[in-house]
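**Student:** Quick one: this structure, given as structure tokens, is what I'll be asking you about.
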Amino acid sequence: MAMTLRLTDEQERALALLAEVDGVSKHEAAVRAITDVAARRVKEDRVRALSRDGRERYAALLDRLAQ
């Protein structure tokens, strides 16, 4: 899929820096950044859900331990 990405000058410099540091094209740097953030968000959401479930499941025990 083709796509146009409009960046500010500052965003363009940041992308160019990422590309240079990783030794890849700006296209590849953008793709990696998107993939990395998506993976991190999915993982964070899963950890939050597991934490919430654990707190709900063990609420009584956690309350007793807090006393």
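**Student:** At pLDDT 95 or above, out of contact with any Gly (no Cβ under 6 Å at 6 or more places or on another chain) and polar (S, T, N, Q), is that true of SER25?
**Tutor:** Taking the combined requirement at face value, the residue satisfies it.
**Student:** Follow-up question, since we're still on this one. How many of the residues in segment 14-28 are outside any helix (DSSP H, G or I) and of a type in the set (Val, Ile, Thr)?
**Tutor:** Residues in segment 14-28 being outside any helix (DSSP H, G or I) and of a type in the set (Val, Ile, Thr): 1 in total.
**Student:** Give me the pairs: first residue in segment 12-39 and among the aliphatic types (A, V, I, L, M), second residue open to solvent by 50 Å² or more (accessible area, probe 1.4 Å) and not in a helix (DSSP H, G or I), beta-carbon distance under 8 Å, and six or more apart or on different chains, which are they?
**Tutor:** Going by the 8 Å Cβ cut-off, the qualifying pairs are LEU15/LEU7; ALA19/SER25; ALA30/LEU5.
The values are calculated or read from the model by the stated rules, or taken from the named source; none is laboratory data. Treat the numbers as computed from the prediction; the structure is a model and nothing was measured. Cβ: placed from backbone, ideal geometry, glycine included. Neighbour counts: every protein chain shown. Surface areas here come from the heavy atoms of the whole protein model, side chains and all, with no ligands, DNA or RNA. Shrake-Rupley method; radii C 1.70, N 1.55, O 1.52, S 1.80 Å.
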